[in-house]
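Here the structure is laid out as structure tokens; the discussion comes afterwards.
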Amino acid sequence: MIYDWKKIVRFSMPLLTICIIIEIFAGNILQNSEDQLLLFPIFLISIPVINGVGGNIGSVLGARLASGLHVGNINLDIKDKKMHENLITSLFIGFITYLILAIIIYLISTFSSLIVINPMKFITIILCTGVLLVFAVSIFSILTAFWSFKKGLDPDDMVAPVVTTVGDTLGILFLFMFIGVVGI
Amino acid sequence: MLVKEMIKQSLPLLIFCGIGGIIAGSTLTLMINLFNTIPGLIIVIPAIIAMRGNISTAFGSRLGSAYHLGIINAENLWNEELKQNIIGSIILSFLVSIIIGILAYVTTLVFFNIRPNPFIIISIVILAGLLSAFILIFLTIIIIYLVFRRGYDPDNITGPALATFGDIVTMFCIFISALLIGGGIF
């Protein structure tokens, strides 16, 4: 038998506990802005979307970099051209995805008569949050991929947990930052 | 060209995952009254979702490896290896849920000066954690079984499927747990 529940628990606990501590911090940011969220539920709908898409784009970038590093067509160099190309593509994809989803969320909210908020302001807030999040998550993805590859660890195991956890917290942080900047 | 190729291959999946996020987010709006009556509830949400995602994708990818190693297959699915994996995932969910509950209680106390009932918060997290664990383990086994029968590689299917359904199932489990324990039904 190769699997043993005690081993599964023992090996998973450390990384999971770290992830949970960071996520509780994200939860605290939500609690801090709870009044605003309950007043404008459109942002409540947006949070899982912002985080899900950001985490996905970051993980895809990480997986592509990991494959590139394994195969050897991406080098361990911050100035690598192929890496830059991947980063810019991720930002572009992020922009399009968040634009489409922001419009869908706005339409759904209007139909369920959830809100009174300026559509241009809402779309601007989601786009700014999304693009900044994709940028931040991509940087974390690149650093984690490079770092783990250098340490002889498999980037495929490292990138996804790091990127989703960091992405969740930054996504919520950036959202409230841009709600503050743009205003509602 | 990279941009064209990536838009064609990943945009549909990203939009699909975004729609999943909208369903999960709409469940959150159903909980507005619960957020008002149970202080500290909103704090645990990102942590429960992240715990669920981590534990179930790891479960799915271990079953994928077990398949490649020849330990499990469509005819021999319900064996000791699978049982150990299920027990491991459930115990992990239970332990991590307790940690989430305690951390949420302590941080509400320290940072927000509100006094949530620790038993309510901790039992909501444990119930939501275990409920979503059982549902997602069951779902994973069904997905794995169907994938085996068709002869596909489970590694390509379980990850995205669990990521999309996981958030929605977990959000519903949090909603139901909060309603049962803190919603004044009992």
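The values are calculated or read from the model by the stated rules, or taken from the named source; none is laboratory data. Please read all numbers here as calculations on a predicted model, not as lab measurements. Note that each Cβ is placed from the backbone with ideal geometry, even for glycine, and that neighbours are counted across all protein chains shown.
One line per residue, one yes/no per condition, for (1) within 11 Å of chain B (Cβ to nearest Cβ); (2) touching a Lys or Arg at 6+ places or on another chain (Cβ under 6 Å); (3) loosely packed, with under 15 Cβ neighbours inside 10 Å; (4) part of a helix (DSSP H, G or I):
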residue: A:LEU44; (1), (2), (3), (4): yes, no, no, yes
residue: A:ASN51; (1), (2), (3), (4): yes, no, no, yes
residue: A:SER59; (1), (2), (3), (4): yes, no, no, yes
residue: A:GLY62; (1), (2), (3), (4): no, no, no, yes
residue: A:LEU69; (1), (2), (3), (4): no, no, no, yes
residue: A:ASP77; (1), (2), (3), (4): no, no, yes, no
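Go through (1) out of contact with any Phe, Trp or Tyr (no Cβ under 7 Å at 6 or more places or on another chain); (2) part of a loop (DSSP other than H, G, I, E, B); (3) over 15 Å from A:ILE8 (Cβ atoms); (4) not hydroxyl-bearing (Ser, Thr, Tyr) for B:ILE43 and report which single condition fails.
Condition not satisfied by B:ILE43: (2).
Which residues, counting only those in the stretch B:69-94, are part of a helix (DSSP H, G or I) and either more than 7 Å from chain A (Cβ to nearest Cβ) or over 15 Å from A:LYS7 (Cα atoms) (or both)?
B:LEU82, B:LYS83, B:ILE86, B:SER89, B:ILE90, B:SER93, B:PHE94 - these are the residues of the stretch B:69-94 that are part of a helix (DSSP H, G or I) and either more than 7 Å from chain A (Cβ to nearest Cβ) or over 15 Å from A:LYS7 (Cα atoms) (or both).
State whether the residues of the stretch B:104-120 include one that is touching a helix residue (DSSP H, G or I) at 6+ places or on another chain (Cβ under 7 Å), more than 14 Å from chain A (Cβ to nearest Cβ) and free of Cβ contacts under 8 Å to residues at least 60 places away in the same chain.
yes
Considering the stretch B:7-19 alone, what residues qualify as being facing chain A (nearest Cβ under 7 Å) and at pLDDT 90 or above?
Hits for the stretch B:7-19 are B:ILE15, B:GLY18.
Check B:SER61 against each of (1) crowded, with 19+ Cβ neighbours inside 10 Å; (2) within 21 Å of A:SER59 (Cα to Cα) and name the one condition it does not meet.
Of everything listed in (1) crowded, with 19+ Cβ neighbours inside 10 Å; (2) within 21 Å of A:SER59 (Cα to Cα), B:SER61 misses just condition (1).
How many of the residues making up the stretch B:121-137 are buried (at least 19 other Cβ atoms within 10 Å of the Cβ) and either over 24 Å from B:ASN54 (Cβ atoms) or among the polar types (S, T, N, Q) (or both)?
Of the residues in the stretch B:121-137, 1 are buried (at least 19 other Cβ atoms within 10 Å of the Cβ) and either over 24 Å from B:ASN54 (Cβ atoms) or among the polar types (S, T, N, Q) (or both).
I want to confirm something. Restricting to the stretch B:23-39 and keeping residues that are surrounded by 20 or more Cβ atoms within 10 Å (Cβ to Cβ) and facing another protein chain (nearest Cβ under 7 Å), which single residue is farthest from B:THR140 (Cα to Cα)?
Filtering first and then ranking leaves B:PHE35.
Tell me, please, whether a residue that is under 30 Å from B:ALA178 (Cα atoms), touching a helix residue (DSSP H, G or I) at 6+ places or on another chain (Cβ under 6 Å) and modelled with pLDDT of 85 or more can be found in the stretch B:58-80.
Within the stretch B:58-80 (the criterion being under 30 Å from B:ALA178 (Cα atoms), touching a helix residue (DSSP H, G or I) at 6+ places or on another chain (Cβ under 6 Å) and modelled with pLDDT of 85 or more), the answer is yes, since at least one residue qualifies.
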